[in-house]
Each structure stands twice: as C-alpha cells, then as structure tokens.
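A.B. asks: I have a structure I would like to understand better, so I am pasting it below and will then ask my questions one at a time.
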Amino acid sequence: MKSKLTVVKVGGAVVEDEAQLTQLLKDFSAIEGYKVLVHGGGRKATKMAERLGIETKMVEGRRITDADMLEVVTMVYGGLVNKNLVARLQANGVNALGLTGADANAIRSHKRPLKNGVDYGFVGDVDQADGEMLGRLIEAGITPIMAPLTHDGEGHILNTNADTIASETAKALAKLYDVTLIFAFEKKGVLSNPDDDDSVIPVITRTLYNTYKADGTISGGMLPKIENALSAVDAGVSQVIITKADAIDGHHGTIIKA
C-alpha cells in the first residue's frame, strides 16, 4: 500500500496576504505524512518589475517573459518568495528545501513555441518532473518547496505556470505515493457565480467542465487550473481539490473527478 502524500499549490494572492499566508503555512505544517508545497508569486514579480522600470505584458492572463522579465521572475520566485517560505516553514517545524526545476534536474521543460502568433518569450512547457529524485528527498525527511521555474537542459531557466508545476509534480509522485493535490487560493472553490462566494460547484468532471466552459460559467484563469487538475486525475493522482487557502486541512471546496 502506497504512503499518503499531499501536494499543495498556493497562489500569488495568498502569498501576498500576510494573515492568509501565516495561516496556510501553519495548516500546511500540520498536514500528516509526506508533503510538497508549490508556490506562485506573480503579483510580487509584477511589483518588483514596476520598481525596476520593467513593463509587465500579459496575454489572456499569461505573462510574456522577455529577457528582463526572466531576471525578475528568477529573483522573485527562486529567491525572495521561495526562501522566505522555506525559512518560515523551518520555524513551523518543517524541514523544507527550496527548489526550482533546475535544481537536481527536478523539472525539465522546453521553450513554448509561438501560440496563435504570440511569442511568450522565456516560458517553459513541462516535459517531465523527476518523481524518483523528489521521492528520495521526501524519504530523507525533506519537504520540497517548488518555485514556478524550470530549465531546458541547455542552461536556460524558463518561467512556468505554478498550477502546471503542481500538476506535473503530483503526477510524477503518483507513481510512488497515494497523492492528493490541493490548489489553494483566495476563493472557497470553483464558483458558478463569481460575485457569490458561496456558489461553490462541489464536483467537476471532464464532461461538466466542457459544459461550464462552453456556457461561460468557467472562464479566464480558472480554465488552465481545471485543465491541470483533470490532467492530474487522468494520470493517477488520487484526489484533486480546489479550495480556499484556510481550508486545506479539510475536504471543502471543489473536487475534480475523471
């Protein structure tokens, strides 16, 4: 029987809010068994870019990462955000180790090709995550804290969507563990009405997702999140939950099923 492992992905809005982040780290620390934390940090990157006079360009919620912006996200995601989370988890009794995809070849990717004529720059689409290596760290009592950066094996860091990092990490670890993947953000789950915080959709299957996508119930940044969640379920991740950051210790929110 496989040991239980929980992968928690925390969004940038939670990372920015001190009260929410403090609670999330406390709850994450209390999760029993093996665990991995994946973080975003897009808002901090945008603020840092602004301070440095670098323009932030987005297309459909996705960051265009030119050479200047790549330096910003590498500093912010791999340094500022990642190491602060590691230090604070140590204070909560978690022996954490911060990783980008380049560290120990954790996650390899390739530079995203042109999509609908859009050049996303130094953005990585994941090829593979090394579940065996992460498993060895985990078995040694180390909790990986994953930044949303990968590498192409040719010396280049690539900016990579944090939801994708979480999904690919969970998929790779599902070969070794009974994995639960939790996407933690500022809402209670996937909402049928974005203006009503209590309109949580309890369960989403692929069929329901296609319906909600077609009629516009689900749109924008929630689309890639659910696509990543469904991909994880298809690859053998036992359970995927999208929920509020203060509810990662329970089973509230939206459950994603095949």
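The values are calculated or read from the model by the stated rules, or taken from the named source; none is laboratory data. Just so we're clear, the structure is a prediction, and the values are computed from it rather than from any experiment. No Cβ is skipped: glycine too gets one built from the backbone with ideal geometry, and neighbour counts run over all protein chains shown. The accessibility values were calculated without ligands, DNA or RNA, using every heavy atom of the protein model including side chains. Shrake-Rupley method; radii C 1.70, N 1.55, O 1.52, S 1.80 Å.
A.B. asks: Only one of 101, 124 is in a loop (DSSP other than H, G, I, E, B) and either touching a Phe, Trp or Tyr at 6+ places or on another chain (Cβ under 7 Å) or crowded, with 24+ Cβ neighbours inside 10 Å (or both). Can you tell me which?
C.D. replies: On the way: 124 fails: in a loop (DSSP other than H, G, I, E, B).
On inspection, the qualifying residue turns out to be 101.
A.B. asks: Can you report the number of residues in segment 200-210 which are under 21 Å from the mean Cα position of the chain (by Cα), of a type in the set (S, T, N, Q) and in a helix (DSSP H, G or I)?
C.D. replies: 0
Yes or no, residue by residue, for (1) in contact (Cβ under 8 Å) with a residue 40 or more places away in the chain; (2) in a helix (DSSP H, G or I); (3) of a type outside the set (A, V, I, L, M, F, W, C):
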residue	(1), (2), (3)
194	no, no, yes
198	no, no, yes
212	no, yes, yes
226	no, yes, no
230	no, yes, no
236	yes, no, yes
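A.B. asks: Restricting to segment 24-67, name every residue that is surrounded by 14 or more Cβ atoms within 10 Å (Cβ to Cβ), in a helix (DSSP H, G or I) and of a type in the set (Asp, Glu).
C.D. replies: 27
A.B. asks: Residue by residue through segment 207-220, note down the ones that are over 16 Å from residue 254 (Cα atoms) and open to solvent by less than 70 Å² (accessible area, probe 1.4 Å).
C.D. replies: Matches in segment 207-220: 216, 220.
A.B. asks: Hey, another quick one. List pairs: first in segment 115-132 and at positive phi, second assigned to a helix (DSSP H, G or I) and of a type outside the set (Val, Ile, Thr), Cβ under 8 Å, 6+ apart or cross-chain?
C.D. replies: 121/67; 121/69; 121/70
A.B. asks: Is it the case, given these coordinates, that residue 135 is touching a Phe, Trp or Tyr at 6+ places or on another chain (Cβ under 8 Å) and either open to solvent by less than 30 Å² (accessible area, probe 1.4 Å) or not in a strand (DSSP E or B) (or both)?
C.D. replies: For residue 135, the condition - touching a Phe, Trp or Tyr at 6+ places or on another chain (Cβ under 8 Å) and either open to solvent by less than 30 Å² (accessible area, probe 1.4 Å) or not in a strand (DSSP E or B) (or both) - is met.
A.B. asks: For residues in segment 161-183 being among the charged types (D, E, K, R) and within 27 Å of residue 93 (Cα to Cα), which is surrounded by the fewest Cβ atoms within 10 Å (Cβ to Cβ)?
C.D. replies: Step one: of segment 161-183, the residues among the charged types (D, E, K, R) are 163, 168, 171, 175, 178.
Now drop any that are not within 27 Å of residue 93 (Cα to Cα), which leaves 163, 168, 171, 178.
On the way: 163: 25, 168: 27, 171: 24, 178: 18.
Only one residue tops the list, namely 178.
A.B. asks: Follow-up question, since we're still on this one. Condition (residue is without any contact (Cβ under 8 Å) to a residue 24 or more places away in the chain and either among the aromatic types (Phe, Trp, Tyr) or open to solvent by less than 50 Å² (accessible area, probe 1.4 Å) (or both)) applied to segment 152-160: is it met by at least one residue? It would help to see each step written out before you state the result.
C.D. replies: Of all residues in segment 152-160, those without any contact (Cβ under 8 Å) to a residue 24 or more places away in the chain come to 154-155.
Now drop any that are not either among the aromatic types (Phe, Trp, Tyr) or open to solvent by less than 50 Å² (accessible area, probe 1.4 Å) (or both), which leaves none.
No, every residue in segment 152-160 fails to be without any contact (Cβ under 8 Å) to a residue 24 or more places away in the chain and either among the aromatic types (Phe, Trp, Tyr) or open to solvent by less than 50 Å² (accessible area, probe 1.4 Å) (or both).
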